[in-house]
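Novice: Before we start, here is the structure in question, set down as structure tokens.
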Amino acid sequence: MNSKDLIYSGKAKNIYKSDNSNEVIIEFRDDMTAGDGERKETMKKKGYYNSIISAKIFKVLEEKGIPTQFIELIESNIMKSKKLEMIPIEFIVRNIATGSLVRKFPIEDGKKLNPPIVQTDYKNDEYHDPMLNDSITKALGIATQEELDDLYDLSLKINNILSEYFKDTGIILVDYKIEFGKDANGNLVLGDEISPDSCRLWDSSTLEMLDKELFRKGKDEKVMNAYEEVFNRIITEEDKKNWNL
């Protein structure tokens, strides 16, 4: 890919122009960050696992009627996607209380949340991604109430689909972060990625962590083994054949 075509370089992905003005090329890098990027390491094959896991999950969601930006996996860490105008909101769906939720609120760690909690954060590094509510979101002009209602609904539909999907692989979907954007026709579309970087995933038998939380806790030697485990549980032989893995 030509550096002249680079549109945006984030903490772990590069986004490039495509020959089609309504499409982009996304490169998943091996960079791993934590603490607003204060800690950064390179983890071999991290981009490989995240791109393929994301592609698989996007395909699962598309088959269930959820619109995503995914078009195709070009290479093992290169994805062709619809170009979106991203909405600067992180939708965090929580099925089990842990992490920042129990640090900030009097909720027991490990408590099952029924119904799930949907939290929104303002995606902005300068302000350290503060928590939003609908009133602040509308005051900032980020989204209308109608759009927010649709995005909450989509977030919960995704949760239902993925909770069952991961359950069948022996994984608990504890919580996850997703982002949405608008395509060329103004439709709300799921974007970014869904991977062990953006989800808390626990083994359903041992409750062992299978996600980025291992890196946050300094257990670097276990991180890629966990990502590989998720990969092995969800990527089928047919997937490997279709994507030349």
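Novice: Report yes if I15 is more than 19 Å from I235 (Cα to Cα) and within 15 Å of the chain's Cα centre (by Cα), otherwise no.
Specialist: no
Novice: Do you know which of the residues in the stretch 93-108 that are in a loop (DSSP other than H, G, I, E, B) and in contact with a Lys or Arg (Cβ under 9 Å, 6 or more places away or on another chain) is farthest from A34 (Cα to Cα)?
Specialist: A97
Novice: Can you name every residue in the stretch 164-176 that is under 13 Å from I234 (Cα atoms) and of a type outside the set (A, V, I, L, M)?
Specialist: Passing the criteria: E164, Y165, F166, K167, D168, T169, G170.
Novice: I'd like the residue in the stretch 10-45 that is among the polar types (S, T, N, Q) and loosely packed, with under 14 Cβ neighbours inside 10 Å and, out of all such residues, is farthest from H128 (Cα to Cα).
Specialist: Looking at residues that are among the polar types (S, T, N, Q) and loosely packed, with under 14 Cβ neighbours inside 10 Å, I get N20.
Novice: Right, another one. Could you list, in sequence order, the residues of the stretch 125-143 that are surrounded by 12 or more Cβ atoms within 10 Å (Cβ to Cβ) and over 16 Å from the mean Cα position of the chain (by Cα)?
Specialist: M131, L132, D134, I136, T137, K138, L140, I142, A143
Novice: Next question. Could you list all residues from the stretch 30-51 that are over 19 Å from F231 (Cβ atoms) and of a type outside the set (D, E, K, R)?
Specialist: The answer is T33, A34, G35, G37.
Novice: Could you tell me whether the stretch 113-123 includes any residue that is in a loop (DSSP other than H, G, I, E, B), surrounded by 13 or more Cβ atoms within 10 Å (Cβ to Cβ), in contact with a strand residue (DSSP E or B) (Cβ under 6 Å, 6 or more places away or on another chain) and in the same structural domain as G47 (by TED's automatic domain parsing)?
Specialist: Of the stretch 113-123, the ones in a loop (DSSP other than H, G, I, E, B) are 123.
Now drop any that are not surrounded by 13 or more Cβ atoms within 10 Å (Cβ to Cβ), which leaves 123.
Okay, now just the ones that are also in contact with a strand residue (DSSP E or B) (Cβ under 6 Å, 6 or more places away or on another chain), so 123.
Okay, now just the ones that are also in the same structural domain as G47 (by TED's automatic domain parsing), so none.
No, that holds for no residue.
The values are calculated or read from the model by the stated rules, or taken from the named source; none is laboratory data. Note that this is a predicted model, so its numbers are computed, not measured. Heads up, the Cβs are rebuilt from the backbone with ideal geometry, glycines too, and the neighbour counts pull from every protein chain shown.
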